[in-house]
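Peer 1: Dropping a structure here in structure tokens format, bear with me for questions.
The values are calculated or read from the model by the stated rules, or taken from the named source; none is laboratory data. Predicted model, so just to flag it, every value in this text is computed and none were measured. Here the Cβ is made from the backbone with ideal geometry for all residues, glycine too, and neighbour counts use every protein chain on show. Side chains are part of the model used for accessible areas, which takes the heavy atoms of the whole protein and leaves out ligands, DNA and RNA. Shrake-Rupley method; radii C 1.70, N 1.55, O 1.52, S 1.80 Å.
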Amino acid sequence: LAVGCLLLMLVVLFHKSFLPGQVHFSNDGPLGAIRPWADNVLANFQGVWYDLTWVGLPVGSASPNLSTALLIALGAVGYAKFYAPFALFVLGLGASFFFRQLKFAPWVCILGGLAAMLNSDFFSAACWGVAAQPLSFGLCYFAIGLLADPAAPRRWLRTILAGFFVGLNVTEAADIGAIFSLYVAAFAFYQGIISQRVALKGAIVGAARTAIVALCAALIASQAVLMLVATQIQGVAGMQQDEQSKEQRWDPATQWSLPKVETLSIAIPGLFGYRMEPLDSKPGSQYWGT
């Protein structure tokens, strides 16, 4: 029933994707950018040279994950049409699975899956062209769902499978997937603690479960992690750790940051004013922060 409800909602929202001459518009995943990957998708496992701008640049290699499987199955046009709804479906199904493992009523599980899938943050990200992010969140939902019931049968087998989902999440969303995997690790440790009456024994069980999840995730994500290190960290201009390089990186790295006290404006909008002002006023006159 959950699968049917999720698919019905997605068919309604993405019905134009079924028209022959139309693909889903995607700022960060346009058809032209997908085409080079689709033309040599199997060769991409050996490495990709992204040549859409000037002479191009290396972007690592394709990862054996759900996104690549969808590209192989549907081709460039089919992928452009259905990648966003596919990612949202995995997200909704993962959330519904998680709520079911928490023993909620069936209708709660269905509504929870729909709510996660239609969450404006996840939904807009998928339609913007970074559908790998909500896809990875769905995989994390499956992982914590497998860990949710400490009394479930074959508990350690479920823990191993949860680790595989976490690793797959990293291959999909790279750095964002790695960040979310930390939350899964914290959940695994917490579940281990509360599953035992003795705190020390619970901590040992929690640490063991977390270690198993991490090892299994590393097994699945090793290729993606090594590729990210090789292309994003090692040999990248400006990433040296000398003082001059650090100073050059400071402004772009902190341009969206807030002074500590001004984080209060998250709770009280406009507490320190706004940087936007009328054209005829003095620049910054409506902002009194630092």
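Peer 1: State which residue is surrounded by the most Cβ atoms within 10 Å (Cβ to Cβ) when the search covers only the range 117-154 and only residues that are farther than 15 Å from LEU13 by Cβ and in contact with a Leu (Cβ under 6 Å, 6 or more places away or on another chain).
Peer 2: Only one residue tops the list, namely GLY138.
Peer 1: While we're on this one: Considering only residues that are polar (S, T, N, Q) and either modelled with pLDDT of 95 or more or more than 12 Å from ARG209 (Cβ to Cβ) (or both), which ones fall in the range 146-186?
Peer 2: Within the range 146-186, ASN169, THR171, SER181 meet the criteria.
Peer 1: Right, something else. From (1) of a type outside the set (S, T, N, Q); (2) touching a Ser or Thr at 6+ places or on another chain (Cβ under 7 Å); (3) surrounded by 20 or more Cβ atoms within 10 Å (Cβ to Cβ), pick out the condition that doesn't hold for GLY202.
Peer 2: For GLY202, the failing item is (3).
Peer 1: While we're looking at this one, here's another question. Looking only at residues that are touching a residue at least 12 places away in the same chain (Cβ under 8 Å), farther than 28 Å from MET117 by Cβ and hydrophobic (A, V, I, L, M, F, W, C) in the range 1-51, which one is surrounded by the fewest Cβ atoms within 10 Å (Cβ to Cβ)?
Peer 2: Going through the qualifying residues, I end up with LEU42.
Peer 1: Any chance you could count how many residues in the range 62-93 are within 20 Å of ALA2 (Cα to Cα), aliphatic (A, V, I, L, M) and open to solvent by 20 Å² or more (accessible area, probe 1.4 Å)?
Peer 2: Final tally of qualifying residues: 1.
Peer 1: Quick one: in the range 253-274, which of the residues that are within 12 Å of THR290 (Cβ to Cβ) and part of a loop (DSSP other than H, G, I, E, B) is nearest to the chain's Cα centre (by Cα)?
Peer 2: Applying the filter and picking the extreme gives SER257.
Peer 1: Are any residues in the range 94-116 open to solvent by 50 Å² or more (accessible area, probe 1.4 Å), within 20 Å of ALA151 (Cβ to Cβ) and not aliphatic (A, V, I, L, M), and if so, which ones?
Peer 2: PHE97, ARG100, LYS103, PHE104
Peer 1: Please verify whether the range 35-57 includes one or more residues that are among the polar types (S, T, N, Q), closer than 28 Å to ALA217 by Cβ and modelled with pLDDT under 85.
Peer 2: Within the range 35-57, one or more residues are among the polar types (S, T, N, Q), closer than 28 Å to ALA217 by Cβ and modelled with pLDDT under 85.
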